[in-house]
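Here the structure is laid out as structure tokens; the discussion comes afterwards.
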Amino acid sequence: MPENLLKGKVGIITGALDENSIAWKTALKVKEQGGRFVLTNAPIAMRMGAINELAQECNTIVVPADATSVEDIEKLYAEAKEFLGGNFDFLLHSIGMSPNIRKGRSYGDLNYDWAMKSYDVSAISFHKMMHVAEKMDAMNEWGSIVGLSYIAAQRVYPFYTDMADAKALLESIARGYGYRYGKLKKVRVNTISQSPTKTTAGTGIGGFDSFFNFAEAMSPLGNASADACADYIVTMFSDLTRMVTMQNLFHDGGYSFTGISEEMMDQFKDL
Ligand code: NAI
């Protein structure tokens, strides 16, 4: 394994809820590669307490912040700058939530107040994090900002309902802000489109097991794990990817470009 890819780099990691979270695995790998960071999550997620154990393991602090609140993000950045001793080299947006999915509403029966909440939490918060970073001039030149997406932004996965629209918006924001931040400060912005992954957010989606197994059977490399995703995020934060920006990067074992696999053909052979 390469060592110290993130030596001297500091940043913020959102979304570590428990040890299955993609953000949790990322925190451990960033630390392993010499990076320092502040952890944050929604105040309501603090109640579970697990994030404090992660903070202890990573010698850092947790600053609660609702990612939909500009005020909370401002406070988060101010406290993080003080703790880390300067501006940030990386930001991870690893946040997703849909009240419609939680409450089992289908795409034709959305509660629009909840849909707005899905878009705000899962996509517009990405814009808010960058907007506040720009306003506070909180990013270092050649910094890297990553959000996490899913292929339902491009193709229909019926059970993904309003999260599909949220992910399409998230990816669009990565392009829009990527252009702006690139010009302003040589900061790059990308989304990583990850395989289905067994986390709280992932397994909360109706039919998760079926599309997890389907993706596994379709992908020549199999589904990408949360650990592998964390490795990819580390490379995106490192200086090895300085010219990659405004991209949606598929991290899915080849799923997105596979038309059909032998395993799937076998399923339909004798119908
Ligand atoms: P997770 O449930 O561990 O993480 C989601 C996080 O969002 C939680 O820590 C939660 O507290 C946080 N969050 C929710 N509302 C918030 C708010 N208002 N302010 C701040 N934080 C808030 O699940 P996972 O899978 O690690 O999710 C991380 C990202 O990866 C999400 O964007 C998700 O959509 C994305 N993703 C997940 C996939 C999967 O199958 N698990 C596949 C592709 C993308």
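Here is a list: 118, 149. Which entry is within 15 Å of the ligand (Cβ to nearest atom), under 19 Å from residue 205 (Cβ atoms) and in contact with a Pro (Cβ under 8 Å, 6 or more places away or on another chain)? Steps first, answer last, please.
Numbers: 149 fails: in contact with a Pro (Cβ under 8 Å, 6 or more places away or on another chain).
After applying the criteria, what remains is 118.
Where the second residue is charged (D, E, K, R) and more than 7 Å from the ligand (Cβ to nearest atom) and the first is more than 12 Å from residue 21 (Cβ to Cβ) and lies in region 195-210, which pairs have Cβ atoms under 6 Å and are six or more apart or on separate chains?
Close Cβ pairs (under 6 Å, with a partner that is charged (D, E, K, R) and more than 7 Å from the ligand (Cβ to nearest atom)) amount to 195/252.
Looking at region 1-68, what helices (runs of 4 or more DSSP H) fall wholly within it and have at least 1 residues that are without any contact (Cβ under 8 Å) to a residue 40 or more places away in the chain and away from the ligand (no atom under 16 Å from the Cβ)?
Values: elements: 22-32, 43-46, 50-57.
Of the helices (runs of 4 or more DSSP H) lying wholly inside region 1-68, those with at least 1 residues that are without any contact (Cβ under 8 Å) to a residue 40 or more places away in the chain and away from the ligand (no atom under 16 Å from the Cβ) span 22-32, 50-57.
Keeping to region 178-216, report how many residues are within 16 Å of the ligand (Cβ to nearest atom), part of a helix (DSSP H, G or I) and hydroxyl-bearing (Ser, Thr, Tyr). Give the derivation first.
At the first step, the residues of region 178-216 found to be within 16 Å of the ligand (Cβ to nearest atom) are 189-216.
Subset that is part of a helix (DSSP H, G or I): 200-203, 208-216.
If we keep only those that are hydroxyl-bearing (Ser, Thr, Tyr) too, we end up with 200, 203, 210.
Selection size over region 178-216: 3.
Tell me, which residue of region 242-271 that is within 26 Å of residue 190 (Cβ to Cβ) and assigned to a helix (DSSP H, G or I) is most open to solvent (accessible area, probe 1.4 Å)?
Per the criteria, the residue is 257.
Residue check, residue 229 against (1) within 15 Å of the ligand (Cβ to nearest atom); (2) under 22 Å from residue 34 (Cβ atoms); (3) open to solvent by 40 Å² or more (accessible area, probe 1.4 Å), all met but one. Which one?
Result: residue 229 passes all but (3).
From the list 204, 182, 176, pick out the single residue that is at pLDDT below 95, small (Gly, Ala, Ser) and open to solvent by 20 Å² or more (accessible area, probe 1.4 Å). Write out each step before concluding.
Working: 182 fails: at pLDDT below 95; 176 fails: at pLDDT below 95.
Residue meeting the stated conditions: 204.
Looking at the structure I just gave you, is residue 79 in a helix (DSSP H, G or I) and open to solvent by 10 Å² or more (accessible area, probe 1.4 Å)? Write out each step before concluding.
Details: in a helix (DSSP H, G or I): yes; open to solvent by 10 Å² or more (accessible area, probe 1.4 Å): yes.
In short, yes.
The values are calculated or read from the model by the stated rules, or taken from the named source; none is laboratory data. Since the model is a prediction, treat every value here as computed from it, not as a measurement. Note: ideal-geometry Cβ built from the backbone for every residue, glycine included; neighbour counts use all protein chains shown. Surface accessibility is based on the protein's heavy atoms, side chains included, excluding ligands, DNA and RNA. Shrake-Rupley method; radii C 1.70, N 1.55, O 1.52, S 1.80 Å.
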